[in-house]
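What follows is one structure encoded as structure tokens, with my remarks underneath.
The values are calculated or read from the model by the stated rules, or taken from the named source; none is laboratory data. Treat the numbers as computed from the prediction; the structure is a model and nothing was measured. Positions of Cβ are backbone-derived with ideal geometry, glycine not excepted, and every protein chain shown enters the neighbour counts. Ligands, DNA and RNA are stripped out before the accessible areas are found, and what is left, the full protein with its side chains, is counted by its heavy atoms. Shrake-Rupley method; radii C 1.70, N 1.55, O 1.52, S 1.80 Å.
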Amino acid sequence: MQDKLKYKTVWTVNKYHTDDDYQNGAEPYETIVKEGNVLLNEGIALLWDLGIAAGGTAWDNTNANLGVGDSATAANATQTALQAAANKLYKGMEATYPQRTAQTVRWRSAFTDAEANFAWEEVTVANANSDAGTNLNRAVQSLGTKASGTWTLDLDITLS
């Protein structure tokens, strides 16, 4: 008998021309979907601590932030934050997120007109709004260059 755990991540960026388009439920003008990331050692350790009630800050609605930055530095499990020197932003959850359906958890943040206007090359979920938080994962992928409007970022993690 062999034990197996499947871990799948999907990052989705929905791009809206204006903040009003997003707020009013308009269709995005572009959607980008990318799979994969690297689980970070600090995130794995915190998952175990939370699982055995050893303490720690969860990636919940109060604490979770999706982060974006402009660094294309390859993801490595030993990293502890976004790698961008200056162009990065951690943004808190939209109301009701994160959400769990069966074995999938979804986090969502909305980056409005004046936020994160730079190349989106890296993404993460952290339990604080800065590099001081514990990051669960990090992915490096070109998601476009934001200049205006609202972009939403979703992270889906499925375990099976």
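Figures for the structure shown
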{"read-out": "Qualifying residue in region 44-67 (condition: under 17 Å from Val140 (Cα atoms) and open to solvent by 70 Å² or more (accessible area, probe 1.4 Å))", "value": "no"}
{"read-out": "Subset of region 93-122 [more than 16 Å from Asp21 (Cα to Cα), outside any strand (DSSP E or B) and of a type in the set (Gly, Ala, Ser)]", "value": "Ala95, Ala102, Ala116"}
{"read-out": "Hey, Asp131 surrounded by fewer than 21 Cβ atoms within 10 Å (Cβ to Cβ), of a type in the set (D, E, K, R), touching a residue at least 60 places away in the same chain (Cβ under 8 Å) and part of a loop (DSSP other than H, G, I, E, B) or not", "value": "no"}
{"read-out": "Unique match (being of a type in the set (S, T, N, Q) and exposed (fewer than 13 other Cβ atoms within 10 Å of the Cβ)) among Gln83, Gln2", "value": "Gln2"}
{"read-out": "Residues (outside any helix (DSSP H, G or I) and either in contact with a His (Cβ under 8 Å, 6 or more places away or on another chain) or in contact (Cβ under 8 Å) with a residue 60 or more places away in the chain (or both)) located in region 32-56", "value": "Ile32, Lys34, Gly36, Asn37, Val38, Leu39, Leu40, Gly56"}
{"read-out": "Filter result for the condition that a residue is within 20 Å of Leu47 (Cα to Cα), in contact with a Lys or Arg (Cβ under 8 Å, 6 or more places away or on another chain) and at pLDDT below 95, over Leu155, Leu82, Leu159", "value": "Leu159"}
{"read-out": "Candidates Ala77, Ala81, Ala147, filtered to the one that is under 14 Å from the mean Cα position of the chain (by Cα) and assigned to a loop (DSSP other than H, G, I, E, B)", "value": "Ala81"}
{"read-out": "Region 108-126, subset open to solvent by 20 Å² or more (accessible area, probe 1.4 Å) and not small (Gly, Ala, Ser), residue farthest from Ala139 (Cα to Cα)", "value": "Asp113"}
